[in-house]
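The values are calculated or read from the model by the stated rules, or taken from the named source; none is laboratory data. Because the structure is predicted, anything quoted here is derived from the model rather than measured. Backbone-built Cβ (ideal geometry, glycine too); neighbour counts: all protein chains shown. When the accessible area is computed, the model is the full protein with side chains, heavy atoms only, and any ligands, DNA or RNA have been set aside. Shrake-Rupley method; radii C 1.70, N 1.55, O 1.52, S 1.80 Å.
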Amino acid sequence: MTVDALTDVSGLRVGHATRAGDGWLTGTTVVLAPEGGAIAAVDVRGGGPGTKETDALDPRNLVQRVEAVVLTGGSAYGLDSASGVMAWLEERRRGVRVGPDPSHVVPVVPAACVFDLGRGGDFRTRPDASTGRAAVEAAARTELGAPVQSGGVGAGTGAVVGGIKGGVGTASTRLTSGVTVAALVVANAVGSAVDPLTGVLYGRFFEGRPAYPSDEVHESAQRRLAESAAKNGPAPLNTTLAVVATDAGLTRAQAQKLAGTAHDGIARAVRPVHLLHDGDTVFALATGDRPLAVGNPLALNEILTAGADMVTRAIVRAVLAAESVEGPGGSYPSYRELYGS
């Protein structure tokens, strides 16, 4: 049974830590790999990224596998949440072995952040090591193959996409080869997910012929967005993050190619992308449960294509799952409030 989520890739778990209210609107999301880790790679294309341990994922470098990936709010401050995940992994002797004793490990925990500072009303509220620990503990408690909560949770708690509320979204597919490809995103972009001419989510154009909102609904939504923008002030800094995963046995170089092509999925669903004020970052994970078909040069291409498709679908789902936020940190209406489902 599949749940159309990142957790359809066998062995992966997802946990959220959400902080909202009393000046807070932020959180952390952890993707926890099976014990022993997964092949990992990264591709960063935004002009203002906030990341940790991404150099370790270069195929030319030492680290082969990682035990977890952290996506977090709080801008660069929030990267401290990875420390809590590292401590949790160290306690379980999970990481790169660096000494004679099994406890001598250094967990390599790649992380990336989105900008959500002040959206809850207090600029100084941001995730820390305790938030990261809470998220990885939540992931460890989930059953394998469990559904993944979407919308304004975890790293998507304070997410905003072009003035409307963003959040976490996820999607998966199983290829005819039996390989599973899935994505989890934190949709938080300077660009918009909504076509200004029609009100249709850009990502919906890749799902077939979308239903168009009525002119009356669209005009009302545009007025509401203009009012919110005037209240919120200048466009904030943003970033879209994604983890694309597969159970195929990819090399590190192939995983890096998957991370790169998955950025196309962001470009289909958000316009414009990869700006100076975005930190768009995509991680790729490969658990290796299914060997890549030998002698079939199209096998990898099918995975690359599916990765981008799943990112597009996940962004659509993130926006549809988000709920409106109205508070001291700004007014961010949801797509469903503006346009319906």
When you check Ala87 against the structure, is it of a type in the set (Gly, Ala, Ser), without any contact (Cβ under 8 Å) to a residue 60 or more places away in the chain and open to solvent by 30 Å² or more (accessible area, probe 1.4 Å), yes or no? yes
Would you check if there is a residue in segment 10-25 being open to solvent by 10 Å² or more (accessible area, probe 1.4 Å), charged (D, E, K, R) and in contact with a strand residue (DSSP E or B) (Cβ under 8 Å, 6 or more places away or on another chain)? yes
Count of segment 175-214 residues which are open to solvent by 30 Å² or more (accessible area, probe 1.4 Å), on the phi > 0 side of the Ramachandran plot and touching a residue at least 60 places away in the same chain (Cβ under 8 Å): 0
Enumeration of residues in segment 289-315 that are open to solvent by less than 40 Å² (accessible area, probe 1.4 Å), of a type in the set (Gly, Ala, Ser) and at pLDDT below 95: Ala299
Of (1) open to solvent by 10 Å² or more (accessible area, probe 1.4 Å); (2) in contact (Cβ under 8 Å) with a residue 12 or more places away in the chain; (3) assigned to a loop (DSSP other than H, G, I, E, B), Asp116 fails just (1)
List, please: which pairs have Cβ atoms under 7 Å, are six or more places apart or on different chains, and start with a residue in segment 37-54 that is open to solvent by 20 Å² or more (accessible area, probe 1.4 Å) and end with one that is acidic (Asp, Glu)? Arg45/Asp280; Gly47/Asp278; Gly48/Asp278
For Gly199, state whether it is over 18 Å from Thr26 (Cβ atoms), touching a Pro at 6+ places or on another chain (Cβ under 7 Å) and assigned to a loop (DSSP other than H, G, I, E, B). yes
Which of the residues belonging to segment 132-183 are outside any strand (DSSP E or B), of a type in the set (Ser, Thr, Tyr) and over 21 Å from Ala82 (Cβ atoms)? Ser150, Thr176, Ser177
Name the pairs whose Cβ atoms lie under 7 Å apart, with the first residue in segment 247-265 and over 16 Å from Ala38 (Cβ atoms), the second in a strand (DSSP E or B) and open to solvent by 10 Å² or more (accessible area, probe 1.4 Å), and 6 or more positions between them or separate chains? Gly260/Asp43; His263/Asp43
Which one of these is under 18 Å from the mean Cα position of the chain (by Cα), part of a loop (DSSP other than H, G, I, E, B) and farther than 30 Å from Glu35 by Cβ: Ala189, Ala211? Ala189
As an exercise: evaluate Thr251 against (1) of a type in the set (S, T, N, Q); (2) closer than 21 Å to Asn188 by Cβ; (3) in contact with a Pro (Cβ under 9 Å, 6 or more places away or on another chain); (4) open to solvent by 10 Å² or more (accessible area, probe 1.4 Å) and give the number of the one condition it does not meet. (2)
Within segment 26-36, restricting attention to residues that are in contact with a strand residue (DSSP E or B) (Cβ under 8 Å, 6 or more places away or on another chain) and over 26 Å from Gly118 (Cα atoms), which residue is surrounded by the most Cβ atoms within 10 Å (Cβ to Cβ)? Leu32
